[in-house]
Amino acid sequence: MAVSITSLQAEHRESGFGIGVPSPRLSWRYGTTTLQGWQQSSYEIVIDRGGKQERYKVDSDASNLVPWPSAPLASREKVTVKVTSSGADGKSATSPELHLEAGLFDKSDWKANLISGPRQDPDQPKPPFRLRKTFTLSSVPSSSRLYATAHGLYTVEVNGKPVGDNVLAPGWQSYNHHLNYQLYDISDLLVKGENVITAHLGEGWFATRLGKPGVRNLWGDRLGFLGQIEVDGQNVAVTDDSWDVLKSAVVNSEIYNGETVDTTITDDNPTGKAQTLPFPSSKLIASDAPPVRRIKEVKPVELITTPSGKKVIDFGQNLVGWIRIEKDLKGSELVMRHAEVLEDGELGTRPLREAKATTTLKLGGPTKGWEPKFTFYGFRYAEISGVDVHLADYTAIVIASDMKRTGHFESSHSHINQLHKNVVWGMLGNFVSVPTDCPQRDERLGWTGDIQVFAPTANYLFDTSGFLAGWLRDLAAETFAHGGTVPEVVPYVPMHQGKPRPNSIWGDVAIITPWDLYTMFADANILEAQYDSMRAWLTTGFKRQANGLWEPTDKQFGDWLDPKAPPQYPAHGATDLFFSANAYLVYVTRLVASIAEVLGKKADAEKYKQEYEHLKAEFNHEYVSPSGRTVSDTQTALALALHFDLFASESQRKTASDRLDWLVRWESFKVSTGFAGTPIILDTLAENGKLELAYRMLQEKDCPSWLYPVTMGATTIWERWDSMLPNGKINPGQMTSFNHYALGSVAHFLHTVVGGLSPLVPGWKKALIKPQPGGTLTSAKTSFDSPYGLFAVEWTLNGEDLGVKAVVPPNASADVRLPGVEETVGSGEYSWKVKWQRGEWPPQALKGPTRVGMPDEFIP
Ligand code: BGC
């Protein structure tokens, strides 16, 4: 069988259109092959540059992010790239062609002005409006481009046809630091003679109310559009004060509250001329982050008449996006209210807090094909009033940052499969331009702790490299802007006393998430780009005691949402806030030492290594007894100390892991961890020889557990272990979302331990294949489309007979660890048959005296 290259990409993007760096690194992925052990020994890059061919032959086994071999690209330059790689066996493969087109690298490339309509009331939501320009072309152009961005959100039409397939452009950034622009090929839309470009502007994240009530205009109170049409290299229409201003049929549109539309407004007469605003002061970026797109359509499954007589559509899936209307509806006003759950049979809107999440359409004009433009909702249900409701008239449109799916998991356990599906849906719903906490209530912010704990899962499920690298760029800028303190949310929105409050676990995202990305994609540039912000966080980001540990004065989120914390006080869990803060501090200090090492910063590597050893000793002194008991006697505390390797001796470690074993049984396998402990508890059990305890916890169905929401019909991961109480009532806590990914971080255990697939070296040049069957599972499979190509593992267990199959891509290898098997394999397809000795199953719980909060069936 031959070797093949299935894709060639530049930087972290699928398409080379609008590349944002002059010297883009190239990566190629191989197709699956039965050829065993194929390794690349050289590659040749052929670049077609203005008709001239350049060839670069390199003896190397590198195929991920190899350096651009030619002179840097100029703004707008178009080149075609192809790679042929060869192995020592003489076999070679040639990639598909990659067409690169450079974006605008310099501010001076922009001839356009930022333009707006008349000043709008700064204290009110800003009604959308349109900006229009007519221009004439003497011939049909062969190549036309639109470069565009906005302060606010925009859509564009050229000659009445929509431009591009993205939505909510330009996405959400820390607009005072960075502003993404988009490049569109509009060659097919322009005609000889008169042409019209119309931009539609909404307030979006830029000026809407965000975070605390009353806080709006965080980046400015004037919406603006910046657009530049270039035809065959000439500017033919740039935004300036000759553009007309027009009304919009969208009379109001806010992120939290939704959209109000008057479908009878068809007035295309200008109301005035555009005003020019100062050019954006932020850096204009052609981002590697994929745009937000419509990624899926969901048809309703049921029309419900509620006890109070309302009509509610059930889409059968909690999702993020909006509803498209499929026909011209008759009536005077259509109102659609969105919610994730029903309570007492009625729409459960209390979790939305102040967000109205409502679409209102004044009817009378066309509605067929209508969709909201500048907002989105998190919902499974929509209550519809004002028209006769027929299911066929509505389709849910799912939107998300359009990342490539890379990771999959499936097993013989249907509930665990549903849990995994819920994780994927939870991720999609919260990867809308920024990694958010939730998509529905009056929050929807880039909470740093949430993505910090979820990133290892996210990075496996989808190619997050461009998305997260873009967000981290904002994180670094916000960190510097706040004296080294990593804000709780990025883009920064004032949450507490008007300035960021230092929080471990949340702020530690500055170090952990770049490292997680490096582990998956081996892009040292991301580490380099974030390095100074990591150091800033450790140096000036928070107050320390003389011994280097956290000064225990500020509040912390700690093991947020520990199920033992009262619903209204999610930080009041059982683990000492500063135990978790300092455990993380020791860990991230060690990571910075490793990062400095990768970046070749030898002196820093040594400095942070020493600091790490010192902090570890201080931690041990403060929080660990000589025998290995931890001052917080909780699963989270023990898991942190074990997972981050914070003990001074094997005997301390042994005491701690025995104690964790005891606590897991004492808690009758219910979850008793929050944000700090949940992502690592099962991995830690498995790492410490307690695999069956991990499976037992995973398979628990009573509340709190991962499967409890599944038994309650959840289709996404909930914010709280019991967002919906067993009696069908919504949790009384004011912060109760049904679409939060943090607790879904358990999927990392499914991928790496149950499925048995993880990277052994950064970027997956070498993987570990080590499935560890357990519980009542009889089979599982997982796969990951790595930078080299597809890795896959599949196992079936029949009694003691374990059969394992694996796929390894070309130019990569894997260490295989099974009972009696310790081998390294190169590319190819493999299978093994071994004996699997399971441990204690089912593990026994400890029967203790009645404890507050124990479910009735555990009380003797
Ligand atoms: C968010 C969380 C976040 C937390 C920290 C909540 O409102 O939804 O997920 O991390 O606040 O305070």
Could you figure out which of (1) assigned to a loop (DSSP other than H, G, I, E, B); (2) in contact (Cβ under 8 Å) with a residue 40 or more places away in the chain; (3) surrounded by fewer than 17 Cβ atoms within 10 Å (Cβ to Cβ) isn't true of Thr575?
(3)
Which listed residue is closer than 30 Å to Asn318 by Cβ, among the β-branched types (Val, Ile, Thr) and touching a helix residue (DSSP H, G or I) at 6+ places or on another chain (Cβ under 8 Å), from Ile295, Ile285
Ile295
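Which residues, taken from the range 715-750, are assigned to a loop (DSSP other than H, G, I, E, B) and more than 16 Å from the ligand (Cβ to nearest atom)? Lay out the reasoning, then the answer.
Going residue by residue through the range 715-750, those that are assigned to a loop (DSSP other than H, G, I, E, B) are 715-723, 725-729, 731-741.
Within the range 715-750, Thr715, Leu725, Pro726, Asn727, Gly728, Lys729 qualify.
Kindly indicate whether Glu354 is within 16 Å of the ligand (Cβ to nearest atom) and either among the acidic types (Asp, Glu) or surrounded by fewer than 19 Cβ atoms within 10 Å (Cβ to Cβ) (or both).
Numbers: within 16 Å of the ligand (Cβ to nearest atom): yes; either among the acidic types (Asp, Glu) or surrounded by fewer than 19 Cβ atoms within 10 Å (Cβ to Cβ) (or both): yes.
Spelling it out, Glu354 is indeed within 16 Å of the ligand (Cβ to nearest atom) and either among the acidic types (Asp, Glu) or surrounded by fewer than 19 Cβ atoms within 10 Å (Cβ to Cβ) (or both).
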Selection within the range 8-53 - part of a strand (DSSP E or B) and among the aliphatic types (A, V, I, L, M):
Leu8, Ala10, Ile19, Leu26, Ile45, Val46, Ile47
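Matching residues to (1) within 21 Å of Gln844 (Cβ to Cβ); (2) of a type outside the set (S, T, N, Q):
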| residue | (1), (2) |
| --- | --- |
| Ser594 | no, no |
| Val598 | no, yes |
| Lys616 | no, yes |
| Asn620 | no, no |
| Ser627 | no, no |
| Asp645 | no, yes |
| Ser657 | yes, no |
| Ser668 | yes, no |
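For the range 517-527, check the following and say yes or no: at least one residue is within 13 Å of the ligand (Cβ to nearest atom), more than 18 Å from the chain's Cα centre (by Cα), at negative phi and of a type outside the set (Ser, Thr, Tyr). Show your work before the answer.
So the first thing to find is which residues in the range 517-527 are within 13 Å of the ligand (Cβ to nearest atom), and the list is none.
For the range 517-527, residues within 13 Å of the ligand (Cβ to nearest atom), more than 18 Å from the chain's Cα centre (by Cα), at negative phi and of a type outside the set (Ser, Thr, Tyr): absent.
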Within the range 555-563, can one find any residue that is surrounded by fewer than 23 Cβ atoms within 10 Å (Cβ to Cβ) and more than 16 Å from the ligand (Cβ to nearest atom)?
no
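If we keep just the residues of the range 463-486 that are part of a loop (DSSP other than H, G, I, E, B) and within 16 Å of the ligand (Cβ to nearest atom), which is surrounded by the most Cβ atoms within 10 Å (Cβ to Cβ)? Before you say what the answer is, go through the steps one by one.
The first filter runs over the range 463-486 and keeps only residues part of a loop (DSSP other than H, G, I, E, B), leaving 463-464, 482-486.
Imposing the further condition that a residue be within 16 Å of the ligand (Cβ to nearest atom) reduces the set to 485-486.
Working: Thr485: 21, Val486: 30.
That would be Val486.
How many residues are acidic (Asp, Glu) and either in a strand (DSSP E or B) or more than 19 Å from Ser7 (Cα to Cα) (or both) if we restrict to the range 54-71?
In the first step, residues of the range 54-71 are kept if they are acidic (Asp, Glu); the result is 54, 59, 61.
Now restrict to residues that are either in a strand (DSSP E or B) or more than 19 Å from Ser7 (Cα to Cα) (or both): 54, 59.
So the answer is 2.
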Could you please find all residues in the range 194-231 being β-branched (Val, Ile, Thr) and part of a loop (DSSP other than H, G, I, E, B)?
Thr208, Val215
Does Met724 qualify as being over 13 Å from Val746 (Cβ atoms) and without any contact (Cβ under 8 Å) to a residue 40 or more places away in the chain?
no
Answer residue from the range 763-780, given it is surrounded by fewer than 20 Cβ atoms within 10 Å (Cβ to Cβ) and not in a loop (DSSP other than H, G, I, E, B) and is farthest from the chain's Cα centre (by Cα) among those:
Ser779
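So which residues in the range 614-630 are more than 12 Å from Ala656 (Cβ to Cβ), in contact (Cβ under 8 Å) with a residue 40 or more places away in the chain and of a type outside the set (D, E, K, R), if there are any at all? So that I can check it myself, show each step before the final result.
Filtering the range 614-630 for residues more than 12 Å from Ala656 (Cβ to Cβ) gives 614-619, 621-622, 626.
Filter once more, so that each one left must be in contact (Cβ under 8 Å) with a residue 40 or more places away in the chain: 614-615, 618-619, 622.
Scanning the range 614-630 gives His614, Leu615, Phe619.
Can you tell me which of Ser672, Ser625 is more than 16 Å from the ligand (Cβ to nearest atom) and surrounded by 24 or more Cβ atoms within 10 Å (Cβ to Cβ)? Reasoning before the result, please.
Numbers: Ser625 fails: surrounded by 24 or more Cβ atoms within 10 Å (Cβ to Cβ).
The match here is Ser672.
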Restrict the check to the range 101-124 and report whether at least one residue is farther than 30 Å from Glu203 by Cβ, free of Cβ contacts under 8 Å to residues at least 24 places away in the same chain and assigned to a loop (DSSP other than H, G, I, E, B).
no
Qualifying residue in the range 536-553 (condition: assigned to a helix (DSSP H, G or I), away from the ligand (no atom under 16 Å from the Cβ), more than 27 Å from the chain's Cα centre (by Cα) and closer than 30 Å to Trp706 by Cα):
no
Considering the range 502-512 alone, what residues qualify as being within 14 Å of the ligand (Cβ to nearest atom) and β-branched (Val, Ile, Thr)?
Ile505, Val509
How many of the residues making up the range 487-501 are within 13 Å of the ligand (Cβ to nearest atom) and touching a Gly at 6+ places or on another chain (Cβ under 9 Å)?
7
Taking the range 594-609 as the region of interest, how many residues are under 32 Å from the mean Cα position of the chain (by Cα) and either among the small types (Gly, Ala, Ser) or part of a helix (DSSP H, G or I) (or both)?
10
Could you tell me which numbered condition Ser783 fails, if it satisfies all but one of (1) farther than 25 Å from Phe675 by Cβ; (2) within 16 Å of the ligand (Cβ to nearest atom)?
(2)
List the residue pairs whose Cβ atoms are under 8 Å apart, where the first residue sits in the range 429-452 and is farther than 21 Å from Thr358 by Cα and touching a residue at least 12 places away in the same chain (Cβ under 8 Å), the second is part of a helix (DSSP H, G or I) and near the ligand (Cβ under 8 Å from one of its atoms), and the two are 6 or more positions apart or on different chains.
Pro435/Asp450; Gly449/Ala742; Asp450/Ala742
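Residue-by-condition table, conditions (1) closer than 30 Å to Arg696 by Cβ; (2) outside any helix (DSSP H, G or I):
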{"site": "Val592", "(1), (2)": "no, no"}
{"site": "Glu611", "(1), (2)": "no, no"}
{"site": "Glu622", "(1), (2)": "no, no"}
{"site": "Gly628", "(1), (2)": "yes, yes"}
{"site": "Asp633", "(1), (2)": "yes, yes"}
{"site": "Ala641", "(1), (2)": "yes, no"}
{"site": "Leu646", "(1), (2)": "yes, yes"}
{"site": "Asp658", "(1), (2)": "yes, no"}
{"site": "Asp661", "(1), (2)": "yes, no"}
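Okay, residues lined up against (1) farther than 20 Å from Gly365 by Cα; (2) in a loop (DSSP other than H, G, I, E, B); (3) hydrophobic (A, V, I, L, M, F, W, C):
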| position | (1), (2), (3) |
| --- | --- |
| Val245 | yes, no, yes |
| Ile265 | no, yes, yes |
| Asn269 | no, yes, no |
| Phe279 | yes, yes, yes |
| Leu284 | yes, no, yes |
| Arg294 | yes, no, no |
| Ile304 | yes, no, yes |
| Gly316 | yes, no, no |
| Val320 | yes, no, yes |
Could you go through the range 453-462 and let me know if any residue there is within 16 Å of the ligand (Cβ to nearest atom) and either of a type in the set (S, T, N, Q) or part of a strand (DSSP E or B) (or both).
yes
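A quick yes/no check of all residues on (1) within 16 Å of the ligand (Cβ to nearest atom); (2) farther than 30 Å from Pro773 by Cα; (3) in a helix (DSSP H, G or I):
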{"site": "Tyr381", "(1), (2), (3)": "no, yes, no"}
{"site": "Asp388", "(1), (2), (3)": "no, yes, no"}
{"site": "Val398", "(1), (2), (3)": "no, yes, no"}
{"site": "Met403", "(1), (2), (3)": "no, yes, no"}
{"site": "Leu419", "(1), (2), (3)": "no, no, yes"}
{"site": "Gly429", "(1), (2), (3)": "yes, yes, yes"}
{"site": "Cys438", "(1), (2), (3)": "yes, yes, no"}
Every residue from the range 25-81 that is under 29 Å from Asp106 (Cβ atoms) and in contact with a Leu (Cβ under 6 Å, 6 or more places away or on another chain)
Arg25, Ser27, Val66, Ser75, Val79, Val81
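Coordinate-derived values only; no laboratory data. No experiment lies behind these values; they were computed from the predicted model shown. Cβ atoms come from the backbone with ideal geometry, glycine included; neighbour counts cover every protein chain shown.
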